[in-house]
1. Within the range 238-267, work out how many residues are assigned to a strand (DSSP E or B), among the aromatic types (Phe, Trp, Tyr) and more than 16 Å from Leu350 (Cβ to Cβ).
2. Could you please let me know if Val137 is at pLDDT 50 or above, β-branched (Val, Ile, Thr) and in contact with a helix residue (DSSP H, G or I) (Cβ under 6 Å, 6 or more places away or on another chain)?
3. Mind counting the residues in the range 294-315 that are hydrophobic (A, V, I, L, M, F, W, C) and either at pLDDT below 85 or in contact with a helix residue (DSSP H, G or I) (Cβ under 7 Å, 6 or more places away or on another chain) (or both)?
4. Taking the condition of being within 27 Å of Ser260 (Cβ to Cβ) and crowded, with 16+ Cβ neighbours inside 10 Å, how many residues in the range 373-391 meet it?
5. Give the residues of the range 268-315 that are assigned to a loop (DSSP other than H, G, I, E, B) and more than 24 Å from Glu89 (Cβ to Cβ), sorted by residue number.
6. Before we move on, is Arg247 basic (Lys, Arg) and in contact with a strand residue (DSSP E or B) (Cβ under 6 Å, 6 or more places away or on another chain)?
7. Tell me which residues, restricted to the range 354-372, are surrounded by 13 or more Cβ atoms within 10 Å (Cβ to Cβ) and out of contact with any Leu (no Cβ under 9 Å at 6 or more places or on another chain).
8. Step by step: first the residues of the range 143-175, then only those that are under 29 Å from Pro85 (Cα atoms) and among the hydrophobic types (A, V, I, L, M, F, W, C), then the one that is modelled with the lowest pLDDT. Which residue is that?
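The values are calculated or read from the model by the stated rules, or taken from the named source; none is laboratory data. These figures come from a predicted structure and were not determined experimentally. Here the Cβ positions follow ideal geometry from the backbone for every residue, glycine too, while neighbour counts run over all protein chains shown.
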Amino acid sequence: MKRTIKFLAVLFLFMTTSAYSFCGFFVAKADTKLFNQASKVILARDGDRTVLTMANDYQGEVADFAIVVPVPVVLKKEQVHIGDPKVLERLDAFSAPRLVEYFDPDPCQQVVYDAIPKPMAAQEGAIRRKGDAALGVKIEAQFTVGEYDIVILSAKESTGLETWLNQNGYKIPQGAAELLQPYIRSNTKFFVAKVNLGEFKKSGLTFLRPLQMAFESPKFMLPIRLGMANAKAAQDLIVFALSPQGRTEVTNYRTVNIPSNFDIPEYVKDEFSDFYRAMFQRAYEKEGKNAVFVEHAWDMAWCDPCAADPLTPDELRKSGVFWDQEQGRGSVFITRIHARYTRDKFPEDLVFQSTGNRDNYQGRYVMRHPFKGKITCDAGKQYANTLSQRQEKDAQTLASYTGWDINDIRKRMGLNKTAKKEESWWDKIFSDDKER
């Protein structure tokens with residue numbers, strides 16, 4: 001299997017045409033493809049029950065793939081499942097921050113818009129056990145699911161667990177014992193997976209599919225510290241949290257809304273990816289690099305504006321939604337949480353809580369095209385006089401949120417920075433003398 005693959009790195013086809021939504025047009029979105037080394041996770045949670053879907057952005061030889069995930073309980077084979085990668089695509093598309101554009105109407109014509117109704121929803125070799133007891137490692141369960149060989153481990157010492165993993169062909173970073181130690185102290189189990197090369201070859205797949213696990217635990221958390229062992233720089237994590245109650249928030253780090261709902265210049269339409277990356281980095285730095293951001297919080301029965309249709313009941317089931325939506329529980333509420341983390345700024349795993357807050361929020365950025373037609377009324381003249389002020393404000397807003405140079409922004413917008421100032425009354429009479 002001498003081929004390089006990417007764990008869930010399928011190039012999905014996203015909608016590229018404009019879609020009508022409310023009074024504007026959706027034209028671009030900041031999906032997870034914008035970020036390198038990004039991991040995507042679905043957390044479907046109700047009460048103490050959780051379905052976790054993991055899709056890591058793994059790059060490398062398929063034979064080298066290994067994942068170690070701390071889990072609160074010993075999982076049985078029936079609790080582990082191969083997920084559908086398309087549902088991650090759908091959740092990403094539905095919840096991604098987006099750019100919408102509006103066109104200024106003719107200021108000389110008053111138009112009354114009727115409210116548009118909200119759209120409704122539609123094993124390669126046996127695992128060696130020699131020396132396990134001496135290392136303090138116990139195999140609690142062992143099975144194969146799809147293209148993955150899975151072992152559930154418990155351990156007494158982190159160095160013993162690190163040694164066991166390396167001896168048994170799991171290529172984890174050297175020095176991982178330090179990161180494993182806190183989990184061992186809390187009696188956490190370890191979900192360990194690697195690729196069964198025979199099963200993978202028979203499947204004909206060119207990518208590794210996401211893994212799902214269902215379990216019950218009062219702990220509502222996501223382990224992120226082990227991932228830092230592989231990190232060369234800050235890592236991005238996108239969590240799609242699904243709940244029947246409302247918003248999901250992080251309790252041990254500040255949860256803040258991504259900056260949203262401001263106007264940006266027209267030219268950003270062709271550079272929306274650059275804009276969003278710069279804006280996110282600016283917000284990340286402003287918050288001290290230790291906050292997590294809500295990019296979308298919305299009832300999944302509808303959206304405004306819509307970057308993609310809400311998920312169907314079958315897609316929600318594949319996403320891990322296990323509660324009955326027909327018993328007065330309401331529709332599924334999605335919270336898209338974006339964390340950019342490093343070892344020094346995020347010393348703890350992410351701890352979550354479900355809330356009853358059903359306030360809608362989304363990363364939404366507006367581009368307004370000026371009216372290009374002929375001005376034939378006083379209201380039109382007033383509109384023309386205020387347009388330059390609006391464009392200057394858009395330039396300053398863009399500079400503030402991205403850190404981009406204001407003069408370069410003005411130049412890209414075509415604003416006249418060297419416009420001649422209005423003549424004073426004395427210039428009108430002395431101008432001839434100045435020319436002599």
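1. Taking the range 238-267 as the starting set, the residues that turn out to be assigned to a strand (DSSP E or B) are 238-243, 248-250, 254-257, 262-263.
Narrowing the set further to residues that are among the aromatic types (Phe, Trp, Tyr) leaves 240, 262.
Among the residues that remain, those that are also more than 16 Å from Leu350 (Cβ to Cβ) are: 262.
Residues that pass the stated criteria total 1.
2. Working: at pLDDT 50 or above: yes; β-branched (Val, Ile, Thr): yes; in contact with a helix residue (DSSP H, G or I) (Cβ under 6 Å, 6 or more places away or on another chain): yes.
Yes: the conditions hold for Val137.
3. Of all residues in the range 294-315, those hydrophobic (A, V, I, L, M, F, W, C) come to 294, 297-298, 300-303, 306-308, 311.
Adding the requirement that they be either at pLDDT below 85 or in contact with a helix residue (DSSP H, G or I) (Cβ under 7 Å, 6 or more places away or on another chain) (or both) leaves 301-303, 306-308, 311.
The number of residues fulfilling the criteria is 7.
4. So in the range 373-391, the residues within 27 Å of Ser260 (Cβ to Cβ) come out as 383, 386-391.
Subset that is crowded, with 16+ Cβ neighbours inside 10 Å: 383, 391.
Going through the range 373-391 one residue at a time, the tally reaches 2.
5. Within the range 268-315, Glu287, Gly288, Lys289, Asn290 qualify.
6. Details: basic (Lys, Arg): yes; in contact with a strand residue (DSSP E or B) (Cβ under 6 Å, 6 or more places away or on another chain): yes.
Yes, satisfied.
7. Those that are surrounded by 13 or more Cβ atoms within 10 Å (Cβ to Cβ) and out of contact with any Leu (no Cβ under 9 Å at 6 or more places or on another chain): Ser354, Thr355, Asn357, Arg358, Asn360, Tyr361, Gln362, Gly363, Arg368.
8. So the residue we want is Ile172.
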